[in-house]
Amino acid sequence: MNQTKTPLVELQGISRIYETDDVETHALSDVALRIDEGEFVSIEGPSGSGKTTLLSILGLLDVPTAGRYQLAGEAVEGFDAAARARLRNQRIGFIFQTFNLIGDLDVIENVSLPLSYRGVGRKERRERARAALARVKMSHREHHFPGQLSGGQQQRVAVARAIAGEPALLLADEPTGSLDTNNGDAVMDLLEEIHAAGATICMVTHNPAYALRANRAVKLLDGRVVAEQAAA
Ligand code: ADP
Ligand code: MG
């Protein structure tokens, strides 16, 4: 890896403390992480180890209590909510464990929606959504509603929604966690294909076999990075 190139993501000394009535939870402590453009990084760790918190910070949904976050060379840790939303919409794609499709929008509308927030016109939205649906092999279900699809199909639509805007960084939080083995394998194959086509991916997973399919596996324990290993 070329160390002189600006990384897509660089976290330094990131901590996140949740303050509730009388307890402080140290969800992340002094986390450092670098992700280069084109990498596929997996994040593993037991429940409560800070994986979702880390992804939320990477995806500009949450802000660290302390530390530095540079996204494509720009310091973003001090951005306000509006600036974060704008940048998130332009540069980040999310895939969630529970798909999070909108139930009363059909498939093509679900995939088009994030593009409308970016001001992409209707015709181009449709074209890009159709291209994304073709990539996940869901073109034949354009006008179905999420409730009419299997879990595996819903997740493929969610992947299409995440990639339709060609985000700089694709974040996936246990994308196979609600799927059976066959559908989980299919979603992993899809993420590998998308990575091979040039995408940068950071994926949380509980599945050690899936973690090893990334270029690099990062392990979290109690909010700290305890190991980083290059995959075989
Ligand atoms: P993981 O995704 O690895 O299961 P999380 O990032 O969701 O872990 O949570 C890390 C820790 O932070 C846990 O102890 C969790 O209970 C706590 N936590 C997460 N979100 C909140 C919140 N909004 N308020 C208070 N504590 C939280
Ligand atoms: Mg989680």
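Quick check: convex hull of the Cα atoms in segment 12-139, volume per residue, rounded to a whole Å³?
Dividing the Cα hull volume of segment 12-139 by its residue count gives 161 Å³.
For a quick check: with amide H placed at 1.01 Å from N, whose amide H comes under 5 Å from MET203's, ignoring anything fewer than 5 positions away on the same chain?
Amide H neighbours of MET203: VAL41, SER42, ILE43, ALA172.
Kindly provide the trypsin sites (Lys or Arg not before Pro) of segment 111-143 that DSSP labels as loop, not H, G, I, E or B, and whose Cβ sees at most 16 other Cβ atoms within 10 Å. List each step's numbers first, then the result.
On the way: sites: ARG118, ARG122, LYS123, ARG125, ARG126, ARG128, ARG130, ARG135, LYS137, ARG141; in loops: ARG118, LYS137.
Loop-located and lightly packed - ARG118, LYS137.
³J(HN,Hα) across segment 56-63 via Karplus (A = 6.51, B = -1.76, C = 1.60, θ = phi - 60°), whole Hz, x for Gly/Pro?
My calculation for segment 56-63 gives 5, 5, 4, x, 6, 8, 9, 10 Hz in order.
How many angstrom separate the Cα center of segment 138-162 from the Cα center of segment 45-88?
28
Can you list, bin by bin at 10 Å, the percent of alpha carbon pairs in the chain, starting at 0?
Reading the bins upward from 0: 8, 32, 36, 20, 4, 0.
Using unit Cβ charges (K, R positive; D, E negative) and no other charged atoms, how large, in debye to the nearest 20, is the dipole of the chain about its Cα centre?
With only Lys, Arg, Asp and Glu charged at Cβ, the dipole is about 920 debye.
Tell me the carbon and sulfur percent of the accessible area for the chain, rounded to whole percent, probe radius 1.4 Å.
The nonpolar share, carbon plus sulfur, comes to 48 percent.
So what J values fall out for segment 165-171 if you push phi through Karplus, 6.51 cos²θ - 1.76 cosθ + 1.60 with θ = phi - 60°, rounded to Hz, Gly and Pro as x?
x, 6, x, 5, 9, 9, 10
Ordered by packing density, taken as the mean number of other Cβ atoms within 10 Å over each peptide's residues, highest first, how do 165-171, 10-16 rank?
For the peptides 165-171, 10-16, the packing ranking is 165-171, 10-16.
Cα to Cα, under 30 Å, and not fewer than 8 places away if on the same chain: which lysines meet these conditions relative to LYS137?
LYS51, LYS123
Ordering LEU101, LEU220, LEU61 from largest to smallest accessible area (1.4 angstrom probe), what's the sequence?
So the residues, ranked largest to smallest area, are LEU61, LEU101, LEU220.
Regarding segment 1-68, what whole-number volume in Å³ per residue does the convex hull of its Cα atoms give? Walk me through the intermediate numbers first.
On the way: hull volume 6.5 nm³, N = 68.
With only Cα atoms used, segment 1-68 gives 96 Å³ per residue.
Pairs of Cα atoms under 8 Å, at least six residues apart: use those to get the relative contact order of segment 1-132, whole percent.
22
Per residue, how large is the accessible surface of the chain? Use a 1.4 angstrom probe and give square angstrom.
Details: 10950 Å² over 232 residues.
Per-residue accessible area for the chain comes out at 47 Å².
What is the distance, in nm, between label points placed 7 Å from the Cα along the Cα-to-Cβ direction at GLU37 and at ASP22?
Using points 7 Å along Cα→Cβ, the separation is 5.2 nm.
Provide the gained length on full extension for the span ASP80 to ARG118, in nm with one decimal, where the gain is 0.36 nm per separating residue minus the Cα-Cα distance.
Taking ASP80 through ARG118 to full extension adds about 11.9 nm, to one decimal.
The values are calculated or read from the model by the stated rules, or taken from the named source; none is laboratory data. Computed from a predicted structure; not experimentally measured. FYI the Cβ positions are ideal-geometry reconstructions off the backbone, even for glycines, and counts take in every protein chain you see. For accessibility, only protein heavy atoms count, side chains too; no ligands or nucleic acids. Shrake-Rupley method; radii C 1.70, N 1.55, O 1.52, S 1.80 Å.
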